[in-house]
Amino acid sequence: MQFCTRHFGTIEYDPEAVFQFPAGLPGFEDQRRFLPLQQPNVEPIVFLQSLDRPDLCFITLPVQTIEPGYRLSISAEDLRLLGLPEDRQPEMGKQVLCLAIVAVAEGRPPTANLLAPVVLNLENRRAVQAILSDSPYSHRHPLPAGGQEDPVCSSCGAGPAKRS
Amino acid sequence: MLIVRRRAGQAVLIGDQVEIHVLEIAPGRVKLGVVAPREIPVLRAEVKLTRETNLAAAQAVPAEKLAELARRLRKEAPARGAAALGPAGEPSEQP
């Protein structure tokens, strides 16, 4: 199958790779089909490209790349939408993949929504943006920002200047 | 903000049509029941926050900013990040 996207040009995809979002995403309730895309030069970023709107593409990160000990607490309603048993949380990496949507704005550090991960069921290709209940995570978790890498510490004694 | 003390089993009325019942109180959490007409959406506040962050996240991002973010993430967590996506979509051309 082919789809013309705004950011990637025309992409060729396997229909099996598409994820169905039965409820859309908050703010994008009518967007039901997304395709995850990876590009070698920007790993570990995963792009979630809408197959209904060529210009809609979310930047996401697997939650474990942000928070290694990430824990899910998906509501029964969302587990039902995912076609998963309601009495236990799914296993990340095997049954489901969890992606945090990243917001990059001018003038402040990029943030990731760890409170509401996009949960993709790898077995039946259904997905929801699950707003976790009783979760310690923030919807604006800060990511490493640009422009302050390896700051040269001028006051820690490593500099050549010695105060007398 | 109006502050009202309520016990389990008691309720608060908003206008003629909205009722908020305190069903259960446990340490650190409370269970509420809301009765409201169909045309009044009842949402957890997090849904609104997520909608706002989704709308902000849907803005286009310059390629160099993305590359920079990816580089920093790789530096912080070089061992993690390989995502098992199953049959993958591959862009047929670079953006």
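Data overview
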{"item": "Meets criteria (under 14 Å from A:PHE19 (Cα atoms) and more than 12 Å from chain B (Cβ to nearest Cβ)) for A:LEU82", "result": "yes"}
{"item": "Some residue of the range A:31-45 being more than 7 Å from every other protein chain (Cβ to nearest Cβ) and over 19 Å from the mean Cα position of the chain (by Cα)", "result": "no"}
{"item": "Pair list, Cβ < 7 Å and 6+ apart or interchain, from the range B:28-43 residues that are over 14 Å from B:ILE14 (Cβ atoms) to residues that are surrounded by 10 or more Cβ atoms within 10 Å (Cβ to Cβ) and β-branched (Val, Ile, Thr)", "result": "B:VAL30/B:VAL22"}
{"item": "Residue within the range A:1-20 that is surrounded by 21 or more Cβ atoms within 10 Å (Cβ to Cβ), within 8 Å of chain B (Cβ to nearest Cβ) and under 17 Å from the mean Cα position of the chain (by Cα) present", "result": "no"}
{"item": "Selected residue (only one of A:VAL104, A:VAL63 is crowded, with 17+ Cβ neighbours inside 10 Å, more than 8 Å from every other protein chain (Cβ to nearest Cβ), under 26 Å from B:LEU49 (Cβ atoms) and in contact (Cβ under 8 Å) with a residue 24 or more places away in the chain)", "result": "A:VAL63"}
{"item": "Residues satisfying the stated conditions in the range A:91-101, i.e. in contact with a strand residue (DSSP E or B) (Cβ under 8 Å, 6 or more places away or on another chain) and at pLDDT below 95", "result": "A:MET92, A:GLN95"}
{"item": "The range B:1-48 - residue that is small (Gly, Ala, Ser) and either in contact with a strand residue (DSSP E or B) (Cβ under 8 Å, 6 or more places away or on another chain) or surrounded by 10 or more Cβ atoms within 10 Å (Cβ to Cβ) (or both) and, of those, nearest to A:GLU77 (Cα to Cα)", "result": "B:GLY33"}
{"item": "So A:LEU114, is it under 14 Å from the mean Cα position of the chain (by Cα), assigned to a loop (DSSP other than H, G, I, E, B) and either at the interface with chain B (Cβ under 8 Å from one of its Cβ atoms) or touching a residue at least 40 places away in the same chain (Cβ under 8 Å) (or both)", "result": "yes"}
{"item": "Residue match in the range A:46-66 (condition: of a type in the set (Lys, Arg), more than 18 Å from B:ALA57 (Cα to Cα) and assigned to a loop (DSSP other than H, G, I, E, B))", "result": "no"}
{"item": "Counted residues, the range B:2-50 - those being in a loop (DSSP other than H, G, I, E, B) and not basic (Lys, Arg)", "result": "18"}
{"item": "The lone exception for A:PRO36 - which of (1) closer than 17 Å to B:ALA58 by Cα; (2) touching an Asp or Glu at 6+ places or on another chain (Cβ under 9 Å) it fails", "result": "(2)"}
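The values are calculated or read from the model by the stated rules, or taken from the named source; none is laboratory data. Since the model is a prediction, treat every value here as computed from it, not as a measurement. Using ideal geometry, Cβ is built from the backbone for each residue, glycine included, and neighbour counts are taken over all protein chains shown.
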